[in-house]
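Chemist: Quick one: the structure is below, questions incoming.
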Amino acid sequence: MSESGMVYLVGAGPGEPKLSTLRAKELIENCDVLVYDNLANPELRKWASLNCVQIDVGKSPGRHTLEQRDIEKTLVEHAVKGKVVVRLKGGDPFVFGRCAEEMLALDEAGISYEVVPGVTAALACAGYAGLPLSHRECGSTISFLTGHEDLSKDSLRVDFSKFAKIGGTLCIYMGMSKLDEIVQKLLEGGISPEVPTAIVSNGTLPRQKKVVTTLNKVVKSACEAKLQAPAIVFVGNAIGRTGKKGNWFESRPLFGKRFALTRPTAQVSKLKKKLEDRGAEVLELPLIKILPSEDKKLIAEIFAGIATYEWAVFTSANGAREFMRLFFLAFGDIRSFGPMRIACVGEGTAEVFRNYSLEVEMIPEISTAENLAKDLVATNSLDSANVLIVTGNRNREILVQMLEDIGHAIVDTLPIYETDFTDIKDAPDYEKFLKFGADGIIFTSSSTALSYVEQEEDLVFEDGAIKPIHCSFGPETSKTLRENDLEVKLECINPSIKEMIFKVVEQFGG
Ligand code: SAH
């Protein structure tokens with residue numbers, strides 16, 4: 001007999017993935033079956049394991065009464081087979097989430113369940129729009145109301161005229177389709193037409209929009225701002241007590257801007273986080289993948305002679321990282337690094353060594369392999385010196401040539417990783433990129449630019465998509481872009497995430 005399964009009724013939070021709970025994340029990571037609907041951010045589903053079965057039970061307006069029974073059946077069906085099922089619901093499962101019906105169905109089938117609360121939309125929207133829900137002087141109650149529970153029903157379930165008398169703050173879910181009627185009822189109930197009223201749509205998401213006005217003007221304002229569901233309507237004096245910083249979320253410098261990142265997935269996180277922290281939406285569009293070099297014999301030879309090099313020269317952060325990884329595999333102790341001096345093409349590469357407290361003696365002012373070679377030659381330290389150049393497979397011939405021919409160095413080249421183009425159609429945000437476009441696409445290396453050019457046929461934007469401007473991490477990348485007729489509007493002189501963020505904020509920051 002198989003062990004009976006378990007269902008977790010989990011609140012996904014309001015939209016921003018980081019507003020979901022640690023418990024939600026843990027359960028999603030470990031479940032066998034994930035049953036979700038449209039309000040749960042798709043990002044959360046990326047936490048699920050590869051063998052997790054994901055089932056979309058998204059409700060469409062006017063259809064969901066029928067489907068609710070099917071959802072319950074789905075939960076029961078998988079749980080009786082001994083599966084661990086996560087039922088993911090937007091916001092909090094107990095707030096207008098029909099959770100009671102699902103619990104009843106599970107009880108009837110004798111299946112155990114747990115409930116995991118989530119941040120409900122009203123609280124999240126209020127916080128992210130800077131609208132206080134309570135105030136010592138004018139807001140001592142907070143009510144959660146629903147405009148409609150079923151779009152197929154014509155009338156409002158809640159008698160809003162009664163709520164006009166309660167005062168405090170009203171948080172109205174699902175209110176958009178009957179906004180006019182709700183306002184009328186509140187006015188009939190005797191509420192002041194001047195009472196502060198706000199609507200927040202798509203709260204906590206990069207496309208959050210809001211209007212803050214008074215009750216008598218809210219229908220017109222919502223129409224003008226083209227606000228759409230999902231949205232929460234707030235009515236009450238407390239929300240009018242916002243301080244100057246109330247608009248914190250939407251006034252971040254990159255709010256409303258979208259950027260596509262082209263680096264390999266494993267490396268996007270730092271740049272992604274910095275862009276997101278400034279309010280941008282980030283699309284992942286990896287155009288290259290980095291594979292470790294297969295030439296084990298050469299690697300072993302180079303490491304055996306590591307003490308003989310006077311300079312080690314690094315042309316990319318990828319190369320630097322992979323070199324250090326192999327170094328520690330070979331030696332396990334930083335003291336074996338020896339006395340060789342380190343030269344790096346740019347700040348990002350140098351950072352890898354600084355993390356190990358290794359001093360980087362040379363970084364050219366403008367980050368190109370040619371400048372690096374010129375600066376190295378200018379040290380007059382190369383004559384008959386052993387120099388190690390650590391690169392990818394897309395070699396910097398010029399570097400080797402200049403160090404040998406002009407500097408008279410004895411050069412060993414260690415191609416430590418290989419760069420391959422990815423298939424753009426496999427990128428996590430490929431469809432979104434073509435549908436909506438982006439304000440900028442950030443190329444981190446010449447190879448990302450070449451991959452983009454090569455896959456042009458698969459990069460036809462849909463009508464209405466924003467055509468991104470090309471942002472280049474450094475002069476080499478810009479050169480490749482220009483050689484391929486791609487205009488470069490934003491460029492770092494010395495590739496680093498810090499400089500890129502600075503330039504992006506300078507260009508796009510409102
Ligand atoms: N259980 C959910 C509510 C489900 S009802 C919760 O606790 O949040 C669906 C309604 O929630 C939508 O019609 C809208 O009124 C509100 N809602 C959900 N997500 C929202 C968001 N990101 N921004 C604004 N309103 C949202």
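Chemist: Let me know the charge dipole size of the chain about its Cα centre in debye, to the nearest 20, where only the beta-carbon of Lys, Arg (+1) and Asp, Glu (-1) is charged.
Modeler: Details: 59 positive and 71 negative charges, 455 e Å.
Dipole about the Cα centre, nearest 20: 2180 debye.
Chemist: I've got another one for you. Would you give the gap between the C-alpha center of segment 178-199 and the C-alpha center of segment 422-469, rounded to a whole Å?
Modeler: Distance between centres, Cα-based: 46 Å.
Chemist: Once you order the gyration tensor axes a ≥ b ≥ c over the Cα atoms, which shape class does segment 291-420 get: rounded for a/c under 1.5, otherwise prolate or oblate by comparing a/b with b/c? Walk me through the numbers on the way to the answer.
Modeler: Working: a/c = 1.32, a/b = 1.30, b/c = 1.02.
It is rounded, given that a/c, with a ≥ b ≥ c, falls under 1.5.
Chemist: Then there's this: Take every DSSP beta bridge whose two residues both sit in the chain, then give the antiparallel share in percent to the nearest 5. Don't jump to the answer; show the numbers that get you there.
Modeler: Details: 21 of 76 bridges.
Percentage antiparallel, nearest 5: 30.
Chemist: Does segment 122-247 classify as rounded, prolate or oblate by the C-alpha gyration tensor (a ≥ b ≥ c root eigenvalues; a/c under 1.5 gives rounded; else a/b over b/c gives prolate, otherwise oblate)?
Modeler: On the way: a/c = 1.56, a/b = 1.11, b/c = 1.40.
It comes out oblate by the Cα gyration axes.
Chemist: Report the gain in length on full extension from N216 to K245: 0.36 nm times residue separation, minus Cα-Cα distance, nm rounded to one decimal. Write out the running numbers ahead of the final one.
Modeler: Working: separation 29, 0.36 × 29 = 10.44 nm, distance 2.55 nm.
Value of the extension gain: 7.9 nm.
Chemist: A further question on this structure: Using the Karplus curve 6.51 cos²θ - 1.76 cosθ + 1.60 with θ = phi - 60°, what ³J(HN,Hα) values do you get for each residue of segment 81-86, in whole Hz, with x for Gly and Pro?
Modeler: Taking θ as phi minus 60°, the curve returns 7, x, 7, 8, 10, 10 Hz for segment 81-86.
Chemist: For K432, give me every one of the aspartates and glutamates with a C-alpha distance below 12 angstrom, ignoring sequence neighbours fewer than eight places off in its own chain.
Modeler: Cross-link targets: E281, E284, E462.
Chemist: Let me ask something additional. Subtracting the Cα-Cα distance from 0.36 nm times the residue separation, let me have the gained length for K435 to A300 in nm, one decimal. Don't skip to the answer; put the middle values down first.
Modeler: Details: separation 135, 0.36 × 135 = 48.60 nm, distance 4.79 nm.
Roughly 43.8 nm would be gained on extension.
Chemist: Give K210/K245; K274/K467; K289/K467; K296/K374; K245/K270; K18/K467 a once-over and call out the pairs whose C-alpha atoms are over 20 Å from each other.
Modeler: Values: K210/K245 15 Å; K274/K467 22 Å; K289/K467 25 Å; K296/K374 31 Å; K245/K270 27 Å; K18/K467 29 Å.
With Cα atoms farther than 20 Å apart: K274/K467; K289/K467; K296/K374; K245/K270; K18/K467.
Chemist: Would you calculate the separation in nanometres between label points at D405 and K165, each defined as 7 Å from the Cα along the Cα-to-beta-carbon direction?
Modeler: 9.3 nm
Chemist: Size of the dipole of segment 6-119 about the Cα centre, Lys and Arg at +1 and Asp and Glu at -1 on the beta carbon, nothing else charged, in debye to 20? If you can, show how the numbers build up before the last one.
Modeler: Working: 14 positive and 17 negative charges, 46 e Å.
In debye, rounded to 20, segment 6-119 gives about 220.
Chemist: Can you return the lysines within cross-link range of K73? Criterion is Cα-Cα under 24 Å, with same-chain partners fewer than 8 residues away left out.
Modeler: Straight-line reach from K73, under 24 Å: K59, K81, K83, K89.
Chemist: Is the shape of segment 423-510 rounded, prolate or oblate, going by the alpha carbon gyration tensor and its root eigenvalues a ≥ b ≥ c, with a/c under 1.5 for rounded and a/b larger than b/c for prolate? Let's see the in-between values first.
Modeler: Details: a/c = 1.91, a/b = 1.30, b/c = 1.46.
Oblate.
Chemist: Computed FRET efficiency, Cβ-Cβ of D420 and K81, R0 35 Å: what is it to the nearest 0.05? Before the final figure, lay out the partial values.
Modeler: Details: r = 41 Å, r/R0 = 1.17.
Plugging the Cβ-Cβ distance into 1/(1 + (r/R0)^6) gives 0.30.
Chemist: Using +1 at the Cβ of each Lys and Arg and -1 at the Cβ of each Asp and Glu in the chain, identify which of F331, Q184, L261 lies farthest towards the dipole's positive end.
Modeler: Q184
Chemist: Among all the aspartates and glutamates, which ones have a C-alpha under 15 Å from K162's C-alpha, if same-chain residues fewer than 8 places away are not counted?
Modeler: The reachable aspartates and glutamates, counting only those whose Cα sits under 15 Å from K162, are E181, E188.
A short reminder: the numbers here are calculations on the coordinates, not readings from a lab. On a predicted model such as this, the values are computed, not experimentally measured, just so you know. All Cβ positions, glycine included, derive from the backbone under ideal geometry; neighbour counts span all protein chains shown.
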